[in-house]
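Laboratory data are not the source of any read-out in this text; all were calculated from the coordinates shown. From a predicted model like this one, the values you see are computed outputs, not experimental measurements. Glycine also receives a Cβ, built like all others from the backbone with ideal geometry; neighbour counts cover every protein chain displayed.
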Amino acid sequence: QQIACIFDLDGVLVDTAVYHYKAWKQLANSLGFDFTQLQNEQLKGVNRMRSLEMILDWGGMQKSAEEKEELASLKNSWYVAMINKMTTDEVLPGSLTLLTELKSSGIKIALGSASKNSSIILQRTNLAHFFDAIVDGNSVTTSKPDPEVFLKAAEMLNTEPENCVVFEDAQAGVMAALAGNMKVIGIGDEEHLKETHLIAKDLSEITLGKILALRNN
Ligand code: B16
Ligand code: MG
């Protein structure tokens with residue numbers, strides 16, 4: 001069976017992580033506290049409501065379900081204002097070359113993102129046409145580290161999990177891929193990524209040859 005590739009969005013194909021960080025920081029500051037860069041690492045790949053709950057926890061705050069909905073949508077309005085200005089320049093190094101190589105080799109490509117804003121981002125950055133399947137925060141009920149998002153992507157690509165290679169920048173996403181019995185390539189800093197099958201600073205270090213070599217390990 002042929003290999004299939006599943007890409008996380010934020011932090012792998014585009015650098016939207018910095019916008020999430022700015023918007024969450026602004027929200028925390030408006031509530032009278034702050035959180036560290038290291039804490040921010042734990043938010044990567046985690047869905048919006050779960051992220052808010054973690055942040056409120058760090059600030060020692062408790063909010064009702066209704067207040068949490070309001071805070072999450074406030075953060076999202078700031079975030080959406082930033083991503084609405086994104087350009088194709090914000091596609092991360094190596095993304096276009098790798099996606100083009102995979103596509104021309106007939107390899108199926110899916111998106112596996114926690115974000116409910118993936119369609120705006122894919123449009124703004126002109127990446128949408130590469131994907132055979134898109135699974136994002138609108139189509140799943142559980143957040144990474146649960147494997148649901150990646151299992152759904154495999155299903156939509158009509159392939160088995162063991163044929164899938166996932167590209168992830170977040171520990172929650174790495175855990176999700178492993179829980180789904182998939183191979184995982186970590187993108188970014190080694191210190192934040194444990195248990196991956198391969199690690200690269202960005203997609204410019206990845207070739208089809210390196211991806212195919214993974215299936216024998
Ligand atoms: P939204 P990914 C994730 O995207 C982000 O890493 C995470 O920081 C964010 O909270 C989550 O999407 C939800 O995003 O608020 O736009 O629905 O890395 O899984 O592509
Ligand atoms: Mg990510």
Whole-Hz couplings from phi, Karplus 6.51/-1.76/1.60, listed for the stretch 171-178; x for Gly and Pro: 4, 4, x, 4, 4, 4, 5, 5
For the chain, diffusion coefficient by Stokes-Einstein and Kirkwood Rh (Cα), 4 °C, 1.567 mPa s, µm²/s: 74 µm²/s
Whichever lysines have a C-alpha closer than 20 Å to that of residue 85, once near sequence neighbours (fewer than 8 apart) are set aside: 22, 25, 75, 116
Backbone HN-Hα couplings from phi across the stretch 130-139 [Karplus 6.51/-1.76/1.60, Hz, Gly and Pro as x]: 6, 8, 7, 8, 10, 10, 9, x, 7, 10
Residue 162/residue 15 FRET efficiency (R0 25 Å; Cβ-Cβ; nearest 0.05): 0.25
Alpha-carbon spread of the stretch 21-92, three principal axes, descending order, Å: 39, 26, 20
Placed amide H near residue 166: partners under 5 Å, 5+ positions off or other chain: 6, 183, 184, 185
Helical mean residue ellipticity (222 nm; -39500 (n - 2.57) per DSSP H run of 4+; nearest 500) of the chain: -12500 deg cm²/dmol
Vicinal HN-Hα couplings computed from phi for the stretch 79-91 (Karplus, 6.51 cos²θ - 1.76 cosθ + 1.60; Hz; Gly/Pro x): 5, 5, 4, 6, 6, 5, 9, 5, 10, 5, 5, 8, 6
Pairwise FRET efficiency - residue 195 versus residue 119, Cβ, R0 = 22 Å, nearest 0.05: 0.10
Taking the C-alpha atoms of the stretch 68-148, convex hull volume expressed per residue in Å³: 109 Å³
